[in-house]
Amino acid sequence: MIGIHSEKIQDIPLLIVVDDKKNNKPLPMLTYFHGFTSAKEHNLPLAYLLAEKGFRVILPDSAHHGERAEGKTPADMQLLFWDIVKQNIADLKEIYNKYHAESLLLDDQFGVAGTSMGGITTAAVLTQYTWIKAAAILMGSPKLVPYAKELVEEVSKYRDLPFTKEELHHVFAQLETVDLSAHIDKINERPLLFWHGKKDDVVPYEHSFDFYQKAWELYENKENIHFISEENQSHKVSRNAILHTVDWFSKHLQN
């Protein structure tokens, strides 16, 4: 039976989805980050399918989301977007350290994936952590600085930004350190899946596809990188994307 267990690491609320018969055994692991204004529970269908394949799946709430929500307005949340991504990066290290220390991670097989903001987080953590063995970016941009500049331009159309030019420059400089498109060599042949709908009006399809084309050239083993497009899909993960993600980790993480 697949079980769903609630836990906290530091102040990070988690759901752990795992076969109850294997709950205390070392397993390959996947952390899946949700999207902006979403929450950990929204990814339970995908987590269930992965748990059936033998994975321990960790679903965290991002800062200001789910159990960590603080009643902020959507407009306030937009201004915190990159702070949330930065906190996700730090949270992932806490998650990995806990399960590694408790010897519940099988052969260091640790994967990361996410939707939208979670996909952006996935791209960012690949620049930081070599212990990530495989990843999947679902409708997320690996071009953090260009995407941040686009968001600033869009938000400034309908409200005054509470940042000076110097402060924005500082934000962009910080993002550059975790911008996968600026550090493409850090992928280092790790299995990487992209999924993106061509009619996405939130995160540009071109960001992920253009990056994929450049990254594909660097891979010696072309089977380790793959891009799935859906012609008529907007900013919503399809069942097709979910099934391909499960298949990807079943193939590229030992279990």
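Throughout, read-outs are computed from the coordinates displayed, never taken from laboratory work. What you are looking at is a predicted structure, and each value in this text was computed from that prediction instead of being measured. As a convention, Cβ positions derive from the backbone with ideal geometry for all residues, glycine included, and neighbour counts pool all protein chains shown.
Selection of segment 10-38 for residues being surrounded by fewer than 16 Cβ atoms within 10 Å (Cβ to Cβ), in contact (Cβ under 8 Å) with a residue 60 or more places away in the chain and not in a loop (DSSP other than H, G, I, E, B) yields an empty set. Within segment 188-218, being aliphatic (A, V, I, L, M), within 18 Å of the chain's Cα centre (by Cα) and more than 22 Å from ALA148 (Cα to Cα) holds for LEU192, LEU193. Among the residues of segment 116-168, those identified as part of a loop (DSSP other than H, G, I, E, B), among the β-branched types (Val, Ile, Thr) and either buried (at least 19 other Cβ atoms within 10 Å of the Cβ) or under 14 Å from the mean Cα position of the chain (by Cα) (or both) are THR127, ILE132. Taking segment 192-210 as the range and being crowded, with 22+ Cβ neighbours inside 10 Å and either without any contact (Cβ under 8 Å) to a residue 24 or more places away in the chain or not polar (S, T, N, Q) (or both) as the test, the residues that pass are LEU192, LEU193, PHE194, TRP195, HIS196, GLY197, VAL203, HIS207.
Residues in segment 219-255 that are of a type in the set (D, E, K, R) and either outside any helix (DSSP H, G or I) or more than 18 Å from the chain's Cα centre (by Cα) (or both): GLU220, LYS222, GLU223, GLU230, GLU231, LYS236, LYS251.
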